[in-house]
Amino acid sequence: MAEDKIVATFKRNPTEEVRAGVKEFKGRRYIDLRIYYMDDQGEWKPTRKGISLATDFMPELKEAVESLEKELATAEQEQ
């Protein structure tokens with residue numbers, strides 16, 4: 001993989017966004033979920049807030065997100 005690739009982005013607030021992507025480090029690919037902020041020059045910069053997982057964890061990450069969706073749907077029905 002020649003370069004990092006951002007596959008999804010969403011706003012967290014007016015000066016921050018969350019980016020989901022695939023990154024390469026020392027020849028290995030990783031799933032990266034990270035918060036970016038806009039600096040004084042108007043450029044997006046990564047923060048230390050985030051997580052990088054080996055791509056081997058994709059099934060577990062997908063299962064965790066699906067479990068979160070179910071929990072949130074259940075909680076909304078109970079309100």
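The values are calculated or read from the model by the stated rules, or taken from the named source; none is laboratory data. As the structure is a computational prediction, the values presented were derived from the model and not from experiment. Quick reminder, even Gly has a Cβ in these numbers, built from the backbone with ideal geometry, and neighbours come from all protein chains shown.
Of note:
- In this structure, Val18 qualifies as surrounded by 11 or more Cβ atoms within 10 Å (Cβ to Cβ), hydrophobic (A, V, I, L, M, F, W, C) and modelled with pLDDT of 95 or more.
- Leading residue by the ranking (farthest from Ile51 (Cα to Cα)) among those in region 1-13 that are in a strand (DSSP E or B) and of a type outside the set (Gly, Ala, Ser): Asn13
- Subset of region 46-64 [exposed (fewer than 10 other Cβ atoms within 10 Å of the Cβ) and either within 18 Å of Val18 (Cα to Cα) or under 12 Å from the mean Cα position of the chain (by Cα) (or both)]: Arg48
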